[in-house]
Amino acid sequence: MFNLVLYIRLIFVYNVSMFHPKYTITNKLLENIKRITTLVNKMNRWRFPEVVLVELQKNAEAVSAFASTSIEGNPLPLTDVKRILKRHPTQIRKSEQEVINYNQALQEVNTQLNKEKISFNLPLIFSLQKKIINKLIPVHQSGTVRTQPVFVNDPRLGKTIYWPPDGHDVLPLMKDLIEFVKINQQVIDPLIVAGIFHKQMVIIHPFMDGNGRTTRLATKILLAQMGLDTFHLFSFENYYNNNVSQYFEMVGVKGNYYDLVNLIDFTQWLEYFTDGIIDELLRVEKTLPQLFTNPQINLKSHHQTILQTIQQKGFINDSGYAKLTIRARATRYLDFQKLINLGLIESKGKGKSTYYVLKEK
């Protein structure tokens with residue numbers, strides 16, 4: 001006997017076997033991408049003292065842990081989050097466990113990214129979710145896609161506004177999404193690929209819990225993997241948290257997934273996604289001068305002369321530096337040592353053949 005329901009289901013599975021998102025390259029999106037590229041290239045050329053890098057990354061991790069959990073309803077203010085992450089209390093509540101989990105997962109990701117390239121695949125996504133919801137949900141719901149139905153509710157309206165895909169469609173949809181990233185990350189602009197991944201994973205809603213936090217952390221990895229490696233220094237989650245209602249409106253959809261799947265357009269979300277990255281990059285750019293006022297890292301004009309000369313010529317030695325300054329030989333040595341200690345330059349050669357170059361980051 002012909003089973004119409006089964007036939008429709010088979011057609012649906014066949015149709016989703018390849019993910020083809022709908023979006024338009026608008027003037028706004030194109031301008032956003034150009035501006036982000038300019039800002040990132042500018043930041044990547046800056047020579048950060050190690051103490052500045054440590055301070056930036058530490059603060060970005062704390063802000064990300066605060067913002068990403070706050071988006072999901074965590075009530076802890078940023079001051080409490082920073083206190084918890086600094087003291088690591090033994091007796092903790094659920095809200096505290098959430099920020100600790102996200103921070104630890106982010107720190108591990110940043111450490112790994114500094115050492116090697118991370119394979120962007122389903123096992124990575126599963127491991128992120130497992131770390132993010134550690135001790136928060138039953139173990140059998142950790143690190144694996146859901147098999148049960150879930151619903152997205154609007155607490156303001158007190159009703160369900162979105163019905164994600166059925167459990168048996170989740171894994172195929174996630175595989176298609178990862179395949180889309182794999183195929184297109186060298187073809188399509190990385191900001192577009194990362195933005196599409198972000199929204200589509202939220203739409204699939206693959207886990208029983210931790211979907212938003214896992215998505216945002218995975219997006220950070222994807223951006224870093226595709227060359228936008230400044231992202232360990234800032235928190236784009238902060239932009240979303242500043243207007244959570246708008247974020248949910250942009251990243252989500254309303255209705256039944258199966259009714260919407262062929263109607264979803266990613267254009268408006270991609271504009272918003274890139275707006276958020278620009279906003280946070282500008283905030284970090286504004287913050288940097290404040291960090292450089294620290295007496296430990298404050299660079300004088302003669303230090304800047306050394307750095308600028310190396311940037312122009314590729315190196316500098318003591319005799320070359322002596323022609324640019326009236327400082328005594330012993331003082332010139334201390335100038336070089338300060339920049340070495342800050343992790344900005346390194347010495348090459350020995351004795352009279354010693355010269356200095358920018359330290360590779």
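The values are calculated or read from the model by the stated rules, or taken from the named source; none is laboratory data. Remember, it's a predicted structure, so these values are computed and weren't measured experimentally. Counting neighbours? That spans all protein chains shown, and the Cβs are built from the backbone with ideal geometry, glycine included.
Here are some notes:
Yes/no matrix, rows are residues, columns are (1) part of a loop (DSSP other than H, G, I, E, B); (2) over 18 Å from the mean Cα position of the chain (by Cα); (3) touching a residue at least 60 places away in the same chain (Cβ under 8 Å); (4) outside the structural domain of residue 222 (by TED's automatic domain parsing):
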site: 92; (1), (2), (3), (4): yes, yes, no, no
site: 96; (1), (2), (3), (4): no, yes, no, no
site: 99; (1), (2), (3), (4): no, no, no, no
site: 102; (1), (2), (3), (4): no, no, yes, no
site: 125; (1), (2), (3), (4): no, no, yes, no
site: 134; (1), (2), (3), (4): yes, yes, no, no
site: 137; (1), (2), (3), (4): yes, yes, yes, no
site: 140; (1), (2), (3), (4): no, yes, no, no
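Conditions (1) acidic (Asp, Glu); (2) surrounded by fewer than 20 Cβ atoms within 10 Å (Cβ to Cβ); (3) under 19 Å from the mean Cα position of the chain (by Cα); (4) at positive phi, marked per residue:
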{"residue": "246", "(1), (2), (3), (4)": "no, yes, no, no"}
{"residue": "249", "(1), (2), (3), (4)": "yes, yes, no, no"}
{"residue": "254", "(1), (2), (3), (4)": "no, yes, no, no"}
{"residue": "262", "(1), (2), (3), (4)": "no, yes, no, no"}
{"residue": "269", "(1), (2), (3), (4)": "no, no, yes, no"}
{"residue": "274", "(1), (2), (3), (4)": "no, no, yes, no"}
{"residue": "282", "(1), (2), (3), (4)": "no, yes, yes, no"}
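- When 223, 171 are screened for being at pLDDT 95 or above and either in a helix (DSSP H, G or I) or outside the structural domain of residue 114 (by TED's automatic domain parsing) (or both), only 171 passes.
- Enumeration of residues in the range 181-207 that are of a type in the set (Val, Ile, Thr) and outside any helix (DSSP H, G or I): 187, 188
- Of all the criteria given as (1) crowded, with 22+ Cβ neighbours inside 10 Å; (2) out of contact with any Asp or Glu (no Cβ under 7 Å at 6 or more places or on another chain); (3) at pLDDT 95 or above, the one not satisfied by residue 237 is (3).
- Enumeration of residues in the range 150-194 that are hydroxyl-bearing (Ser, Thr, Tyr) and surrounded by 15 or more Cβ atoms within 10 Å (Cβ to Cβ): 162
- Qualifying residue in the range 110-119 (condition: of a type in the set (A, V, I, L, M) and not in a helix (DSSP H, G or I)): yes
- Looking across the range 195-253, the residues that are among the acidic types (Asp, Glu) and in contact (Cβ under 8 Å) with a residue 24 or more places away in the chain come down to 209, 229, 237.
- Count - residues of the range 105-135 that are closer than 19 Å to residue 234 by Cβ and not hydrophobic (A, V, I, L, M, F, W, C): 6
- Apart from one condition, residue 147 fits all of (1) outside any helix (DSSP H, G or I); (2) without any contact (Cβ under 8 Å) to a residue 40 or more places away in the chain; (3) surrounded by 17 or more Cβ atoms within 10 Å (Cβ to Cβ); the exception is (3).
- Residues of the range 150-161 satisfying the condition of being closer than 22 Å to residue 206 by Cβ and assigned to a strand (DSSP E or B): 152, 153, 154, 160, 161
- Candidate set: the range 312-329, residues that are hydroxyl-bearing (Ser, Thr, Tyr) and in contact with a helix residue (DSSP H, G or I) (Cβ under 8 Å, 6 or more places away or on another chain); chosen: the one modelled with the lowest pLDDT: 325
- Per-region count, the range 330-361, residues small (Gly, Ala, Ser), exposed (fewer than 12 other Cβ atoms within 10 Å of the Cβ) and under 39 Å from the mean Cα position of the chain (by Cα): 1
- No other residue among 187, 202 is over 18 Å from residue 127 (Cβ atoms), in the same structural domain as residue 28 (by TED's automatic domain parsing) and in contact with a helix residue (DSSP H, G or I) (Cβ under 6 Å, 6 or more places away or on another chain) apart from 202.
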